[in-house]
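Asks: Questions regarding the structure given below will be posed in turn.
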Amino acid sequence: MSANESPAGRQPTATYDSPFMKACRREPVPHTPVWFMRQAGRSLPEYRKVREGIPMLESCMRPELVTEITLQPVRRHGVDAAIYFSDIVVPLKAIGLDLDIKPGVGPVVEQPVRTRADLARLRDLTPEDVSYVTEAIGLLTRELGSTPLIGFAGAPFTLASYLVEGGPSRTYENAKAMMYGDPELWADLLDRLADITAAFLKVQIEAGASAVQLFDSWVGALAPADYRRSVMPASVKVFEAVAGYGVPRIHFGVGTGELLRLMGEAGADVVGVDWRVPLDEAARRVGPGKALQGNLDPTVLFSSTEAVETKTREVLDAAAGLEGHVFNLGHGVMPSTDPDALTRLVEYVHTHTAR
């Protein structure tokens with residue numbers, strides 16, 4: 001194997017020795033790598049300009065637009081990784097479900113999945129269903145060069161929550177009612193979604209993504225015992241399906257302090273941590289053998305530069321003993337964040353952690 005070839009032999013060789021990939025593999029890095037969830041999005045005026053008048057789901061299906069939006073934060077902020085611009089419901093739309101992303105609301109499903117008969121609508125995802133993803137990633141990897149591209153998908157629990165509730169929820173009463181009251185239907189639903197999610201991630205990896213992140217955004221609503229019994233098997237299935245590619249696998253959720261060890265056990269190489277748990281404590285909960293990603297509170301960016309630097313040092317100090325650390329926010333960039341604050345933050349982390 002040559003020095004620039006990845007173990008799987010399939011990955012873009014230019015990205016293999018990048019700081020982000022090294023941190024994911026828990027290897028020494030020249031500086032702590034930085035990227036931000038939702039770094040490509042409404043906080044950037046250039047994003048708002050190119051998206052003007054184009055519905056969200058349509059924008060995810062235009063390869064040249066996806067490429068431009070994905071590249072914008074890399075150009076502006078100098079982040080160490082790009083994340084593919086898409087939405088977690090894209091694969092569900094691609095298999096023919098009647099859903100849309102409504103401004104100010106989020107994904108809305110016309111006919112929620114509530115019965116066994118509804119499962120028939122969840123057919124397998126094929127690469128042809130998302131050919132625009134393959135095209136966009138081809139364009140992106142040529143432009144990005146040595147900067148890694150992170151592919152992503154929604155995890156089975158979070159997708160199931162949207163499908164069963166019919167849209168965003170604060171309480172997940174319908175999803176939890178199915179999970180507790182009809183565990184066989186719930187298990188079959190998550191298993192079907194695991195297959196769809198794995199297929200979507202495979203398309204991204206085979207097109208050239210250097211790493212993948214599984215977003216289980218709402219799984220913090222569950223107790224550990226319920227997660228282990230009713231959710232973890234589907235997440236394990238997704239991670240196992242892409243294990244052979246040799247790309248780093250990141251697992252992230254919100255409010256998951258009590259689930260961190262289980263989320264690592266599900267198959268992640270990197271566990272994302274929100275801002276509620278300090279990284280040194282998170283490392284204790286996750287256990288050895290995993291890198292961590294996180295975890296500055298996104299609202300800190302509305303403070304003064306001095307306050308941002310103080311809180312950033314706290315994160316970096318807590319991460320000082322970690323085997324591998326990717327600096328990120330504890331959740332996504334908020335739409336009204338000043339882009340210059342993000343640019344300064346990247347520069348500060350790079351400078352402060354230069355080895």
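The values are calculated or read from the model by the stated rules, or taken from the named source; none is laboratory data. All figures in this text were calculated on a predicted structure; none of them were measured in a lab. Quick reminder, even Gly has a Cβ in these numbers, built from the backbone with ideal geometry, and neighbours come from all protein chains shown. Accessible surface is based on the protein model in full, side chains and every heavy atom, while ligands, DNA and RNA are left aside. Shrake-Rupley method; radii C 1.70, N 1.55, O 1.52, S 1.80 Å.
Asks: Quick one: of the DSSP bridges fully inside the chain, what percent are antiparallel, nearest 5?
Replies: 15
Asks: Assuming 0.36 nm per residue, please report the length gained on full extension of the stretch Arg114 to Glu347 beyond their Cα-Cα distance.
Replies: So the extension gain works out to 79.1 nm.
Asks: For the ranges 304-310, 58-64, what's the packing order if you count other beta-carbon atoms within 10 Å of each residue, average per peptide, and put the highest first? List each step's numbers first, then the result.
Replies: Working: 304-310: 12.9, 58-64: 17.0.
Output ranking for 304-310, 58-64: 58-64, 304-310.
Asks: Right, here's the next one. Checking the table Lys176/Lys290; Lys22/Lys202; Lys49/Lys102; Lys93/Lys202; Lys237/Lys290 against a 25 Å threshold on Cα-Cα, which pairs fail?
Replies: From Lys176/Lys290; Lys22/Lys202; Lys49/Lys102; Lys93/Lys202; Lys237/Lys290, over 25 Å: Lys176/Lys290.
Asks: Find the percent of Cα-Cα distances in region 254-355 that exceed 19 Å, and round it to a whole number.
Replies: Everything past 19 Å amounts to 40 percent.
Asks: Provide the gained length on full extension for the span Asp17 to Ala354, in nm with one decimal, where the gain is 0.36 nm per separating residue minus the Cα-Cα distance.
Replies: Result for the pair: 119.7 nm of gain on full extension.
Asks: Any chance you could list P(r) for region 41-117, counting all Cα-Cα pairs in 10 angstrom bins from zero, rounded to whole %?
Replies: In whole percents, the pair-distance histogram is 16, 44, 27, 10, 3.
Asks: Calculate, for the chain, the solvent-accessible area per residue in square angstrom, rolling a 1.4 angstrom probe over the heavy atoms of the protein chains. Could the numbers behind the result be given before it?
Replies: Working: 14340 Å² over 355 residues.
With all protein chains present, the chain gives 40 Å² per residue.
Asks: Oh, and also: Over all distinct Cα pairs, what is the inverse of the mean 1/r for region 144-208, reported as the Kirkwood hydrodynamic radius in Å?
Replies: It is 13.3 Å.
Asks: Residues of region 244-263 with the amide nitrogen closer than 18 Å to a label point 7 Å from the Cα of Arg229, along Cα-to-Cβ, please.
Replies: Under cut-off, by backbone N: 259, 262-263.
Asks: Mind pulling the per residue volume of the convex hull built on the Cα atoms of the chain? Å³ is fine. Present the calculation step by step, with values, prior to reporting the outcome.
Replies: Values: hull volume 42.9 nm³, N = 355.
About 121 Å³ per residue, rounded to a whole number.
Asks: Can you send over the carbon and sulfur percentage of the accessible area for the chain, probe radius 1.4 Å, protein chains only?
Replies: Solvent-exposed carbon and sulfur of the chain make up 49 percent of the total.
Asks: Turning to a different aspect of this structure: Set the Förster distance to 25 Å, then compute FRET efficiency between Arg48 and Ser304 from the Cβ-Cβ distance, nearest 0.05.
Replies: The calculated FRET efficiency here is 0.45.
Asks: Normalised by the number of residues in the chain, what is the relative contact order in percent for Cα pairs under 8 Å and 6+ residues apart? Before the final figure, lay out each step's value.
Replies: Working: 684 pairs, mean separation 76.2, N = 355.
Computed over the chain, the figure is 21 percent.
Asks: Run the Debye formula on the Cα coordinates of region 58-161, all scatterers equal and no solvent, and tell me log10 I(q)/I(0) at q = 0.12, 0.14, 0.21 1/Å.
Replies: Log-scaled intensity ratios, in q order: -0.47, -0.62, -1.15.
Asks: What FRET efficiency do you get for Ala243 and Lys102 if R0 is 41 Å and r is their Cβ-Cβ distance, rounded to the nearest 0.05?
Replies: Computed FRET efficiency for Ala243 and Lys102: 0.70.
Asks: Further, regarding this structure: Note down the nm distance, to one decimal, between modelled labels 7 Å out along Cα→Cβ at Thr171 and at Val236.
Replies: Inter-label distance under the simple model: 3.3 nm.
Asks: With a Förster radius of 25 Å, plug the Cβ-Cβ distance of His31 and Met334 into 1/(1 + (r/R0)^6) and report the FRET value to the nearest 0.05. Numbers along the way, then the final one.
Replies: Details: r = 25 Å, r/R0 = 1.01.
My answer for the efficiency is 0.50.
Asks: Please list 330-340, 154-164 highest first by mean number of surrounding beta-carbon atoms within 10 Å per residue.
Replies: Values: 330-340: 16.6, 154-164: 26.3.
Top of the packing list down: 154-164, 330-340.
Asks: When you count, for each residue, the other Cβ atoms within 10 Å and take the mean per peptide, how do 132-145, 30-43 rank with the highest first?
Replies: Peptide ranking by packing, descending: 30-43, 132-145.
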